[in-house]
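Here's the structure we're looking at; comments come further down.
The values are calculated or read from the model by the stated rules, or taken from the named source; none is laboratory data. Keep in mind it's a predicted model, so treat the numbers as computed, not measured. A quick note on method: Cβ atoms are made from the backbone with ideal geometry, for glycine too, and the neighbour counts reach across all protein chains shown. Just so you know, the surface numbers come from the protein's heavy atoms only, side chains and all, with ligands and any DNA or RNA stripped out. Shrake-Rupley method; radii C 1.70, N 1.55, O 1.52, S 1.80 Å.
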Amino acid sequence: MIEFHNVFFSYQPGKDILKNINLKINKGELLAIIGPNGAGKTTLIKHINGLLKPQKGYVKVLDMNTKETTVALLARHVGFVFQNPDHQLFAETVEKEIMFALINFNFPENEIKERVERILHELDLIKYRNKSPFMLSGGERKRVALASVLCYDPSILILDEPTIGQDFHQKLNLIDLINKLNKEGKTVIIVTHDIEFVADFIPKCIIMSEGRIIADGPTEEILTDSKLLLENYLLPPQLVEISIALNINPPTINFEKLVSFIRKIIERKE
């Protein structure tokens, strides 16, 4: 579905932000990209919707070479929710914000109304429909930006730091929504510093550092490698730290596994 081949990119000559990136993302994958600030994560994902073009190598999305494809065409297939929602919000009301893409993609009027109504309820935005997005909190604006993308049903969804500004309840709702979209066959890519969020439900993980992909594999394998995480300025999830403290080998990010191990310890003591 998405392929990076020998991709290099720099904003200034001689200062590569992406260095020889090779990556394949398959249809229906749920993937997290983590790493310290300045690792190149956001630069990488901006290549998927064509906002940035590789200076060496190529990126293909649904067999379209992004160098030869307009951002408008890619946007129909790649929904992108920015880290800062103010970079993509502009309409007078929440409802008009959500309608904008649907109108531009020539959806029928009756379908526009149905989609707007559904997404307002799904993201708990119904009470804000006639308010300006800029009168809402940061977390609420983030949900409006997400709604404005989900409404037109792209096959690829990219979320840049989706948990910023979201409380615990909203994070749980977001997990449910992402799982639902992924089960429907959407490819979902999440860039985040929220390691606990990644550990909770995302099956595959990539670590980036200094413009390179350092690790790519199952989330449990990567997030239980404390040495790898600390070398890349990332803290292990709390369950991993508890596992290490209890001498569980290998450590786990799975709550049920941890509880089962603790029960065995208690049973042995009894």
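Can you confirm whether the stretch 83-98 contains a residue that is closer than 29 Å to Ala215 by Cβ, surrounded by 15 or more Cβ atoms within 10 Å (Cβ to Cβ), in contact (Cβ under 8 Å) with a residue 12 or more places away in the chain and in contact with a helix residue (DSSP H, G or I) (Cβ under 9 Å, 6 or more places away or on another chain)? The answer is yes, given that some residue of the stretch 83-98 is closer than 29 Å to Ala215 by Cβ, surrounded by 15 or more Cβ atoms within 10 Å (Cβ to Cβ), in contact (Cβ under 8 Å) with a residue 12 or more places away in the chain and in contact with a helix residue (DSSP H, G or I) (Cβ under 9 Å, 6 or more places away or on another chain).
Do we find a residue being at pLDDT 90 or above, outside any loop (DSSP other than H, G, I, E, B) and acidic (Asp, Glu) anywhere in the stretch 141-155? Checked the stretch 141-155: no residue is at pLDDT 90 or above, outside any loop (DSSP other than H, G, I, E, B) and acidic (Asp, Glu).
Residue check: Glu95 meets all listed conditions (1) closer than 25 Å to Phe4 by Cα; (2) assigned to a helix (DSSP H, G or I); (3) not hydrophobic (A, V, I, L, M, F, W, C) but one, namely (1).
Before we move on, is Phe9 among the aromatic types (Phe, Trp, Tyr) and open to solvent by less than 10 Å² (accessible area, probe 1.4 Å)?
Values: among the aromatic types (Phe, Trp, Tyr): yes; open to solvent by less than 10 Å² (accessible area, probe 1.4 Å): no.
For Phe9, the condition - among the aromatic types (Phe, Trp, Tyr) and open to solvent by less than 10 Å² (accessible area, probe 1.4 Å) - is not met.
Would the stretch 42-51 turn up any residue that is out of contact with any His (no Cβ under 6 Å at 6 or more places or on another chain), closer than 24 Å to Leu223 by Cβ and open to solvent by 10 Å² or more (accessible area, probe 1.4 Å)? Yes, the stretch 42-51 has at least one match. Do we have Val59 as in contact with a Cys (Cβ under 8 Å, 6 or more places away or on another chain), at pLDDT 95 or above and open to solvent by less than 40 Å² (accessible area, probe 1.4 Å) here? Against the criterion (in contact with a Cys (Cβ under 8 Å, 6 or more places away or on another chain), at pLDDT 95 or above and open to solvent by less than 40 Å² (accessible area, probe 1.4 Å)), Val59 does not qualify. The residues on offer are Arg76, Arg115, and the sole one that is modelled with pLDDT of 95 or more, open to solvent by 10 Å² or more (accessible area, probe 1.4 Å), within 26 Å of Ile189 (Cα to Cα) and of a type outside the set (A, V, I, L, M) is Arg115. Within the stretch 207-233, the set of residues being over 24 Å from Glu256 (Cα atoms) and in contact (Cβ under 8 Å) with a residue 60 or more places away in the chain comprises Ile207, Met208, Ser209, Glu210, Gly211, Arg212, Ile213, Ile214, Asp216, Asn232, Tyr233. So, Leu258, is that one of a type outside the set (Ser, Thr, Tyr) and farther than 23 Å from Gly40 by Cα or not? Judged against the criteria, Leu258 is a match. The single residue among Asn37, Asn106, Asn22 that is of a type outside the set (Phe, Trp, Tyr), at positive phi and open to solvent by 60 Å² or more (accessible area, probe 1.4 Å) turns out to be Asn106.
Here the stretch 62-73 is the region considered, the condition is being modelled with pLDDT of 95 or more and among the hydrophobic types (A, V, I, L, M, F, W, C), and the residue that is nearest to Gly14 (Cα to Cα) is Met64. From the residues in the stretch 202-224 that are assigned to a strand (DSSP E or B) and among the aliphatic types (A, V, I, L, M), which one is nearest to the chain's Cα centre (by Cα)? This residue is Ile206.
Can you tell me which of Ile178, Ile164 is open to solvent by less than 70 Å² (accessible area, probe 1.4 Å), at pLDDT below 95 and under 14 Å from the mean Cα position of the chain (by Cα)? Even if it seems obvious, please write down each step before you answer.
Details: Ile164 fails: open to solvent by less than 70 Å² (accessible area, probe 1.4 Å).
The conditions single out Ile178.
Kindly evaluate Ile48 against the criterion of being within 19 Å of the chain's Cα centre (by Cα), closer than 22 Å to Leu229 by Cβ and of a type in the set (A, V, I, L, M). Taking the combined requirement at face value, the residue does not satisfy it.
Pick out, from the stretch 225-270, the helices (runs of 4 or more DSSP H) lying fully within it that include 1 or more residues that are surrounded by 13 or more Cβ atoms within 10 Å (Cβ to Cβ) and more than 27 Å from the chain's Cα centre (by Cα).
Working: elements: 226-231, 238-245, 255-269.
Where helices (runs of 4 or more DSSP H) fall fully within the stretch 225-270 and carry at least 1 residues being surrounded by 13 or more Cβ atoms within 10 Å (Cβ to Cβ) and more than 27 Å from the chain's Cα centre (by Cα), they are 238-245, 255-269.
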